[in-house]
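Notes for the one structure printed next.
The values are calculated or read from the model by the stated rules, or taken from the named source; none is laboratory data. Source: prediction; values computed, not measured. Please note: Cβ atoms are built from the backbone with ideal geometry, for glycine as well, and neighbour counts cover all protein chains shown.
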Amino acid sequence: MSEKKYVIGLDYGSDSARAVIVEALTGEEIASAVKHYPRWMEGKYCVPAKDQYRQHPQDYIDVMEYIIKESLAQAGPEVAKNVVGMSFDTTGSTPVFVNEEGVPLAMLPEFAENPNAMFVLWKDHTAVKEAAEINELAQKYKIDYTQYEGGIYSSEWVWAKALHVLRSDESVRKAAYSWIEHCDWMPALITGTQKPAEVVRSRCAAGHKAMWLEAWGGLPEEEFLTTLDPLLKGYRDRLYKDTYTSDVKVGHLTEEWAQRLGLSTEVAVGVGAFDCHMGAVGGEVTPNVLARAIGTSTCDIMIAPYEQIGDKLIAGICGQVDGSVIPGYVGLEAGQSAFGDLYAWFKRVIAWPLDNILANTTLVDAETRAKLIEETEAKIIPQLSEAAMQIPMEESTVLAVDWMNGRRTPDASQEVTGTIAGLKLGTDAPRIFRALVEATAFGSKAIVDRFAREGVLLEGIIGLGGVAKKSPFVMQTLADVLNMPIKVARTVETCAFGAAMFASVAAGVHQRVEDAQKAMGQGFEKEYTPNPERVKAYAAIYEKYAKLGAFTEQEKL
């Protein structure tokens, strides 16, 4: 009998999910697998022009079965026999309406193709109006339920999304009994605890996105919700009062799911959380260090000691929640609604002739056309980065504001838009791209400055995710703009690795999350240090960025 114990970390991102199998005592990565959501990749149920992004629950199930089976096949039967725990992280806030049995409505035949019956992805901004109403009511209500969520409620969060769907779709409204976050649904599904009253709810999701606070008895009171809209009547009683940190065990795999996944019913399943929170743990975050998960968007996570935060309310961030990251600390969240998405947007703009002209040419055969388009599109960002790096700062006259997908922090607003200024007839694609990279760095500085202004001690920065590992140009620009060194975590899949660390605690292999980090952490592979000359130059440009942003917001450009 092997003495080794293995855990599985599952990370559900915007486009795909991945699993890693990790040896729980040493942190050795044994196997991994990734799969895109099939329906999502076809563009189903999404209307980008209306900021509507929905995902089908069957996608989540299908990819889970694939990535677990694939990673177990790589690892071998002895590993499968000795898997003791698994945990999930997901994007958030990504809720769905369920019936009395806790089944997402989209899993029912009559709602199978109804986007309103599906999970509303974090980046769905259809609920801007509802978020504004929540903020207006909260500011004049006897309790400001947004005060621990930065003082501004976002259209990316659950109550705004739920209300928007209820108002928009009578059929869903009549069939809905409650709602559940994606990070809560996955553990509930495979442990057989799907009924709303039985679901073990994530402290992370509830505190940061649902205005939950233990001190006021859980979720906002019924009077607040029904004042917001009578359609919310009864939902509070059909939801939850208690929440749990992610070191807690939800239960064990049911017989059905153990068979479907090729695992044992002894496998412990931990409480879920949002991807960036578990990613910070996987990236070995420590107190007063900002962990930045840098991908399509950014999510910035810190943990701070209770004595440092005290009764302080930090304005304009995405929440301060006891135990939302590591139990025993206050978890702080901020982030940018678009980071890598800005670069992807510009890539699509540049690639328009490829997709609309070259794709239809008759000068070459179809196979050659496809290869040309694929090769060219793959090289756009790397070539732009290389060219942009060569542009002297004094010749970089283009200025951009990074709000193409709204602003998450500081001071959430999904109504603001991006701006590009300083264009000339001599402006070329690399100069615009450089301005977009600088804009994402300036947006990052606005977050760091807000933490500093609010008295939060910041001693270091950790870079996580694809952009941090793949783009020296972006990371060096970020270090220069922030005037702080940035360490890049060695672990590739930091979110999945963080989930694996939590799984090891939920399964009883480690007593505390910090113990799991120490045993399983992979350290750092690189550090970017600021260039003093660029730091000074960027400080001046940042002032212009702030002015352009203020003008853009004021004039509603």
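A compact table of results
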read-out: Of all residues making up the stretch 158-175, the number that are out of contact with any Asp or Glu (no Cβ under 8 Å at 6 or more places or on another chain) and either buried (at least 23 other Cβ atoms within 10 Å of the Cβ) or within 17 Å of Ala131 (Cα to Cα) (or both); value: 3
read-out: Conditions (1) surrounded by fewer than 23 Cβ atoms within 10 Å (Cβ to Cβ); (2) in contact with a strand residue (DSSP E or B) (Cβ under 9 Å, 6 or more places away or on another chain): number failed by Trp403; value: (1)
read-out: Of all residues making up the stretch 420-459, the number that are touching a residue at least 12 places away in the same chain (Cβ under 8 Å) and over 22 Å from Gly150 (Cα atoms); value: 17
read-out: Ser2 vs. criteria closer than 18 Å to Leu263 by Cβ, of a type in the set (Gly, Ala, Ser) and modelled with pLDDT of 95 or more; value: no
read-out: Matching option when the condition is farther than 25 Å from Arg490 by Cβ, out of contact with any Pro (no Cβ under 8 Å at 6 or more places or on another chain), buried (at least 24 other Cβ atoms within 10 Å of the Cβ) and not assigned by TED's automatic domain parsing to the domain that holds Pro48, among Val330, Val321, Val325; value: Val321
read-out: Any chance Leu423 is surrounded by fewer than 16 Cβ atoms within 10 Å (Cβ to Cβ) and either of a type outside the set (Asp, Glu) or on the phi > 0 side of the Ramachandran plot (or both); value: yes
read-out: Subset of the stretch 245-284 (residues that are of a type in the set (Ser, Thr, Tyr) and crowded, with 22+ Cβ neighbours inside 10 Å); value: Thr245, Ser246
read-out: Residue under evaluation Tyr145, criteria (1) farther than 17 Å from Thr226 by Cα; (2) not in a helix (DSSP H, G or I), criterion not met; value: (1)
read-out: Tally of residues being more than 18 Å from Ser297 (Cα to Cα) and in a strand (DSSP E or B) across the stretch 401-450; value: 2
read-out: Some residue of the stretch 245-259 being under 18 Å from Asp11 (Cα atoms), modelled with pLDDT under 95 and not assigned by TED's automatic domain parsing to the domain that holds Gly466; value: no
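Conditions tested, residue by residue: (1) acidic (Asp, Glu); (2) in contact (Cβ under 8 Å) with a residue 40 or more places away in the chain.
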residue: Val330; (1), (2): no, no
residue: Asp341; (1), (2): yes, yes
residue: Lys347; (1), (2): no, no
residue: Asp355; (1), (2): yes, no
residue: Leu363; (1), (2): no, no
residue: Ala370; (1), (2): no, no
residue: Ala378; (1), (2): no, no
